[in-house]
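A short worksheet on the structure shown next.
The values are calculated or read from the model by the stated rules, or taken from the named source; none is laboratory data. In this text the structure is predicted, and so the values were computed from the model without any measurement. Note that each Cβ is placed from the backbone with ideal geometry, even for glycine, and that neighbours are counted across all protein chains shown.
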Amino acid sequence: MMQALRAALAGAGARYWLRDARVPASLVEGAPGAPDAQDLLRLDVRVEDGRIAALAPLGTAPEGPSLDGGQLWPGLVDGHTHLDKGHIWPRRPNPTGDFAGAIESVMADRDANWSARDIAARADFALRCAHAHGTVAIRTHLDSYMPHAPIAWEAFRRLREAWSGRITLQMSSICPLDRFASAEGEELADIVARTGGVLGMVTRLTGGVHDDLPPDFQPMLDHFFALAEARGLDLDLHVDESGETGARALREIALTALRRGFKGRIQCGHCCSLSLQPEDYARETIARVAEAGISIIVLPMCNMYLQDRVAGRTPRWRGVTLVHEMRAAGVNVSVASDNTRDPFYAYGDLDMVEVMREATRILHLDHPPTGWAAAAGVNPARAMGIAAGVIRVGAVADLIAFRARGLTEWLSRPQSDRIVLRAGRVLDAMPPDYRELDEALGLPG
């Protein structure tokens, strides 16, 4: 059936009706009718010259390709990735599978192999995967350590230009907070500003883990905020990525943003330890995050893979933060891929459909599912400051068509037969073969 729909869409021309589509209510604006119990609206969609021209009640369209009640999603947004690390697992696996092993393996591979050519080859491969799966925008964090940082940022500046019009690519720095307390921090902030990036860091210190905040944490945090303010930069922070209850940076970030009246966007990722904090502390932290307008992005697959991993012992918790409580407090919550086939996460393909399917299971985003689809579309787009991840009249017709009708159908299969539309036209792209990376990774094939 999807082959017939693909053929019909390919032959539909520049102006056509896409009939009988089920669209998640949180991923559409201005649609008629009310959603069903699965938070889906059933309607007809008009495409004209690459844009959505109308959203009409089911049965309005006189003709055109029919989804036969299948779901229709906008192109999705992956707001937290690490493309510079992507796909190094075959060359540099993590022997323990834990956080410390990941840091050690990545540092060794970066020092030995991360030339501009190596970074570009792996990142371009990853972007081709994401493109084929239907992703339209990505934010990637770049390891920003001297003297490596200028090489990485220039490589991704070129990739951003090369992929313009296919994937909106944003870059954010990442290194421990104390790196920004020296002259190196000024230099890094200048690189980010010159490249049009986002200023980012991890709330642990060099050589450490996410645990008790050091005595000089607040002065370093204020200095980091000042670097961003002086350059008009948004912030994207890796926060409290552990199961240590002493990891309490999220609250301090929110209070600092409020005290300083920070004008830019702030996104915080991970925030794992919050789920282990006392209830009163967690509620107060979430209230301050909401008050400060901080967006939270959750990485359920990677966090579940890394957190509470002890050899020979079954994990006792899922490693994820309090997404339901955050959303109830008005916080903008997203989900994302995080790492793909590197020492922090051995799997993944930058497929936001996979991310959303797994997030639903791990985070219990079902029963009811109301509003959670936005976590893979309009919510991360809002955090990134871009127009994407939503179906509305006037928007570019970047869409993903599925045979699946309801929630259990969509969640139960990987949707490998999905049809990706870019500007209303069928995208003829497949995820690349892993063998293409053999030369870059130095593998025998």
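Some observations on this one:
- Residue-level check: of (1) of a type in the set (A, V, I, L, M); (2) touching a residue at least 60 places away in the same chain (Cβ under 8 Å); (3) assigned to a helix (DSSP H, G or I), Ala120 misses just (2).
- Taking the stretch 293-321 as the range and being buried (at least 20 other Cβ atoms within 10 Å of the Cβ) and hydrophobic (A, V, I, L, M, F, W, C) as the test, the residues that pass are Ile294, Ile296, Ile297, Val298, Leu299, Met301, Cys302, Met304, Leu306, Val320.
- First in the stretch 154-174 and farther than 26 Å from Phe224 by Cβ and not assigned by TED's automatic domain parsing to the domain that holds Val396, second anywhere and of a type in the set (Val, Ile, Thr) and buried (at least 21 other Cβ atoms within 10 Å of the Cβ), Cβ under 6 Å, 6 or more apart: Ile167/Ile138
This table checks each residue for (1) in contact with a Cys (Cβ under 7 Å, 6 or more places away or on another chain); (2) free of Cβ contacts under 8 Å to residues at least 12 places away in the same chain; (3) surrounded by fewer than 18 Cβ atoms within 10 Å (Cβ to Cβ).
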| residue | (1), (2), (3) |
| --- | --- |
| Ala329 | no, no, yes |
| Tyr345 | yes, no, no |
| His367 | no, yes, yes |
| Ala375 | no, no, no |
| Arg382 | no, no, no |
| Val393 | no, no, yes |
| Val420 | no, no, no |
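- So Glu244, is it surrounded by fewer than 18 Cβ atoms within 10 Å (Cβ to Cβ) and either in contact with a Lys or Arg (Cβ under 6 Å, 6 or more places away or on another chain) or closer than 27 Å to Thr81 by Cβ (or both): yes
- Hey, Arg251 outside any loop (DSSP other than H, G, I, E, B) and basic (Lys, Arg) or not: yes
- Every residue from the stretch 406-427 that is over 21 Å from Ile52 (Cβ atoms) and either at pLDDT below 95 or not aromatic (Phe, Trp, Tyr) (or both): Gly406, Leu407, Thr408, Glu409, Leu411, Ser412, Arg413, Pro414, Gln415, Ser416, Asp417
- The stretch 280-333: number of residues that are of a type in the set (Asp, Glu) and either over 23 Å from the mean Cα position of the chain (by Cα) or over 19 Å from Ala359 (Cβ atoms) (or both): 3
- Matching option when the condition is part of a strand (DSSP E or B) and buried (at least 16 other Cβ atoms within 10 Å of the Cβ), among Asp109, Asp78, Asp84: Asp78
- Phe225 being aromatic (Phe, Trp, Tyr), in contact with a Lys or Arg (Cβ under 9 Å, 6 or more places away or on another chain), modelled with pLDDT of 95 or more and under 24 Å from Cys272 (Cα atoms): yes
- Restricting the search to strands (runs of 3 or more DSSP E) fully inside the stretch 328-445 and requiring at least 1 residues that are under 29 Å from Ala290 (Cβ atoms) gives 333-335.
- Considering (1) surrounded by 21 or more Cβ atoms within 10 Å (Cβ to Cβ); (2) touching a strand residue (DSSP E or B) at 6+ places or on another chain (Cβ under 9 Å), the lone condition that Arg341 does not fulfil carries the number (2).
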